[in-house]
1. With the requirement that a residue be under 16 Å from Val131 (Cα atoms) and outside any helix (DSSP H, G or I), what does the range 153-170 give you?
2. Would you point out the residue of the range 190-207, among those that are within 18 Å of Glu161 (Cβ to Cβ) and touching a Ser or Thr at 6+ places or on another chain (Cβ under 9 Å), that is modelled with the lowest pLDDT?
3. I want to confirm something. Restricting to the range 211-233 and keeping residues that are surrounded by fewer than 16 Cβ atoms within 10 Å (Cβ to Cβ) and not acidic (Asp, Glu), which single residue is farthest from Asn96 (Cα to Cα)?
4. Which of the residues belonging to the range 134-158 are at pLDDT 85 or above and either of a type outside the set (A, V, I, L, M, F, W, C) or over 18 Å from the mean Cα position of the chain (by Cα) (or both)?
5. Give Tyr45, Tyr74 a once-over and let me know the one that is among the aromatic types (Phe, Trp, Tyr) and modelled with pLDDT of 90 or more.
6. Of the residues in the range 62-119, how many are within 29 Å of Leu155 (Cα to Cα) and assigned to a helix (DSSP H, G or I)?
7. Identify the single condition in (1) touching a Leu at 6+ places or on another chain (Cβ under 8 Å); (2) assigned by TED's automatic domain parsing to the domain that holds Asp100; (3) assigned to a helix (DSSP H, G or I) that Gln181 does not satisfy, given that it satisfies every other one.
8. Does Val220 satisfy the condition of being farther than 18 Å from Val36 by Cβ, among the β-branched types (Val, Ile, Thr) and either touching a residue at least 24 places away in the same chain (Cβ under 8 Å) or in the same structural domain as Val115 (by TED's automatic domain parsing) (or both)?
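The values are calculated or read from the model by the stated rules, or taken from the named source; none is laboratory data. Just so we're clear, the structure is a prediction, and the values are computed from it rather than from any experiment. Here Cβ is always computed from backbone atoms with ideal geometry, including for glycine, and neighbour counts include all displayed protein chains.
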Amino acid sequence: MRRVLYLILTAVISVTLLASAAHAAGDTPTAEGRTVRVIIPVAYYNSDQDVQSGYMNYTMEYLHEISQRTGWQYEIIKVPGEYSSGVQTGLEMLRNGEADLVAPIRTSEDIGDDVALSRNSYVTSMTILQVPNSVYDGLDLCSNLKVAFLEGSRLLAAADEYFDRCGVEPEYICCGSIDEQIQAVTGGDADVMLNSKLEYIPNMSVVAEFAPEQLFFAAVDQQLLNELDKALV
């Protein structure tokens, strides 16, 4: 595990956001705030191009707004890999004292008893069905639909509920990677791919979205979370 974390940390891209002065709601940050190390999972769907999480920019903007209330500065640590595995790596780094926050976190993630979530969410995720832009206009969500999904995906339960409500009989096609999902829908082996808005994929159109889920910050430092929640409010 130590070797894995070492390899990840050597590939870390660190960005420091300087906190600007703020005078909103009577809150004025200190001149020199603490540096908070924030892990944001980053999705890589093939070896040639890294695709940042769909909420990367949103999270960065939110952190900037929070810094105006807290005076914090940030070191952003991007952990590569599929979202859920990146979350688990981030949580382990929290426990080891190598980071202070992980975001975004779903309530359905297994965070353990030693990690806490912020009381307030900062964004809402959606489960989505996607198709290539080239076939977007011609797609018909018919009664029989071939759906490419990622092996081990936690989105299947939400998809089953959605299809049952819409009277659709899905034929699930298991894929070992996001790259395989893309190949399945672009090659005609599947009609749509099951995905989350957390994972941004270029040249793809959303044809359905459902199962909204709130997303939170996670930390082991309760005092840090308390300060964060005050800023979120």
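1. From the range 153-170, those under 16 Å from Val131 (Cα atoms) are 159, 170; that's our starting set.
Selection gives Pro170 alone.
2. Looking at residues that are within 18 Å of Glu161 (Cβ to Cβ) and touching a Ser or Thr at 6+ places or on another chain (Cβ under 9 Å), I get Lys197.
3. Per the stated criteria, the residue is Ala211.
4. Leu145, Lys146, Val147, Ala148, Glu151, Ala157
5. Values: Tyr45 fails: modelled with pLDDT of 90 or more.
Of Tyr45, Tyr74, the one residue that is among the aromatic types (Phe, Trp, Tyr) and modelled with pLDDT of 90 or more is Tyr74.
6. Going through the range 62-119 one residue at a time, the tally reaches 15.
7. Exception for Gln181: condition (2).
8. Working: farther than 18 Å from Val36 by Cβ: no; among the β-branched types (Val, Ile, Thr): yes; either touching a residue at least 24 places away in the same chain (Cβ under 8 Å) or in the same structural domain as Val115 (by TED's automatic domain parsing) (or both): yes.
For Val220, the condition - farther than 18 Å from Val36 by Cβ, among the β-branched types (Val, Ile, Thr) and either touching a residue at least 24 places away in the same chain (Cβ under 8 Å) or in the same structural domain as Val115 (by TED's automatic domain parsing) (or both) - is not met.
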